[in-house]
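Student: One structure, as structure tokens, below. Some questions next.
We did not get these values from a lab; they are worked out from the coordinates using the rules stated. All figures in this text were calculated on a predicted structure; none of them were measured in a lab. All Cβ positions, even for glycine, are placed from backbone atoms using ideal geometry, and neighbour counts span all protein chains on display.
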Amino acid sequence: MDIDGSFGYFARMPRKDPLFLNMYNEAKLLEIMKRVGLISHLKTRGFHDPIIDIDQDDTLIHYLRLYNGEKAPENLLIDLRLSDSRFAPDKSFFDEGQNLVTLDMIVIEWLSIQNPKAAFSADRPQLPGQTKPGLGCLRYLMKMMYLVAEGVIKDGFMDVPDHMHGAVMYSRNFKFFNPAHEGVLRAILRDAKGHSLGDISWGMITGSIIDTGTGQPQVYDPSEQIFPVSRRLKKYFASKRYAKKFNEVYKKKKYLFEYDRMLRMREEIMRTKKPEDL
């Protein structure tokens, strides 16, 4: 993967007020949030006074933070950080002789969604790397980001999830650019059906999800997950080549979730570490 900044002329123009992705002010972002249903959803969670804060740092990362009531850390609901970059996929993903493309992407550098009023419980256990319970609003953010990407004319969004549960949560709208990785993810979800997202994530961390073909634990391999917006990127994911490789892996892979072993190993890990530190 080759990623380099490409903000262009307008990104270097001095501005009095910051614009998210050099295009959206706070009022426009609030309008989009209302349009996709995010603000209504937050009201059902008890948050009635949304305050938007946008900024851009010296490394050209765009910040969008949504608070409730006032801009204070204890009131933070959503922390989204994006950068504007280019993605040059490896030639192995394309047919021989096919012209390679460089994709204009919005990279999700960081996304945190949290409910500062909630606490973890048996029904909503803490996921690895998580500090606060979520708000159940990822689908609204996906709708919002789709509209934003169309507005700035990008091929799509790209993320490299650190944890398995992150890849699963994104998988409703995102696909791994590598069809083999997508096949592994879908095969694990198929064979671990009935287990919670937290259990699956811990299964990956503890090496308790076994590839029955090799007898070895399946290792989570972070790679580019893409939310396609442009026609050419949608065409890639709909291609026969992508579908063929995906199906080869998906049908071949079989997994055994050693659940009891996961519980024992999770208990051992939790004696010395906190979930948010994993």
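Student: For Phe176, list long-range residues whose amide hydrogen, built 1.01 Å from N in the peptide plane, is under 5 Å from its own amide hydrogen.
Tutor: Glu182, Ile226
Student: Let me ask something additional. Filter the chymotrypsin sites (Phe, Trp or Tyr not before Pro) in the stretch 84-169 to those in DSSP coil with at most 14 other Cβ atoms within 10 Å of their Cβ, and list the result.
Tutor: Hits after loop and neighbour filter: Phe120.
Student: Can you compute the modelled spin-label distance between Val101 and Ser40, with each label point 7 Å from Cα toward Cβ, in nm?
Tutor: Computed distance between label sites Val101 and Ser40 equals 3.4 nm.
Student: Mind checking which helices in the chain clear 15 Å along their axis (Cα) and have mean Kyte-Doolittle hydropathy of 0.0 or more, DSSP H runs only?
Tutor: 26-36, 138-152
Student: Between the stretch 189-232 and the stretch 169-187, how many Å separate their Cα centres?
Tutor: 9
Student: Give me the Kirkwood hydrodynamic radius of the stretch 1-159, using the inverse of the mean 1/r over all pairs of distinct Cα atoms, in Å to one decimal.
Tutor: 17.3
Student: Defining a contact as two alpha carbons under 8 Å apart and six or more residues distant in sequence, what relative contact order in percent does the chain show?
Tutor: Value for the chain: 16 percent.
Student: Follow-up question, since we're still on this one. Return the percentage of antiparallel bridges among DSSP beta bridges fully within the chain, rounded to the nearest 5 %.
Tutor: 95
Student: Do any of Lys43/Lys234; Lys132/Lys193; Lys91/Lys244; Lys117/Lys273; Lys245/Lys273; Lys132/Lys273 go past 27 Å between their Cα atoms, and which?
Tutor: Lys43/Lys234; Lys245/Lys273
Student: Okay, next question. Using the Cα centre as the reference, give the magnitude of the dipole from point charges on the C-beta atoms of the chain (Lys, Arg: +1; Asp, Glu: -1; all else neutral), rounded to the nearest 20 debye.
Tutor: 1140
Student: Going by how many other Cβ atoms sit within 10 Å of their own, how do Glu258, Glu31, Glu267, Glu224 line up, fewest first? Working shown, then result.
Tutor: Numbers: Glu258 16, Glu31 12, Glu267 9, Glu224 20.
Ascending Cβ contact count within 10 Å gives the list Glu267, Glu31, Glu258, Glu224.
Student: Of (i) 1, 6, 12, 15, 17, 14, 11, 9, 7, 5, 3, 1, 0, 0; (ii) 1, 6, 13, 17, 20, 19, 13, 7, 3, 1, 0; (iii) 1, 5, 11, 15, 16, 15, 14, 11, 7, 3, 1, 0, which one was derived for P(r) over Cα pairs in 5 Å bins from 0, in percent from the structure shown?
Tutor: So the structure-derived entry is (iii).
Student: Hey, another quick one. Post the alpha-carbon centroid distance, the stretch 240-278 to the stretch 68-112, in whole angstrom.
Tutor: The distance from the Cα centre of the stretch 240-278 to that of the stretch 68-112 comes to 24 Å.
Student: Here's another thing I want to ask about it. With the alpha-carbon atoms as the only input, what is the per residue convex hull volume for the stretch 138-259 in Å³?
Tutor: Details: hull volume 11.5 nm³, N = 122.
Enclosed volume per residue, from the Cα hull, is 94 Å³.
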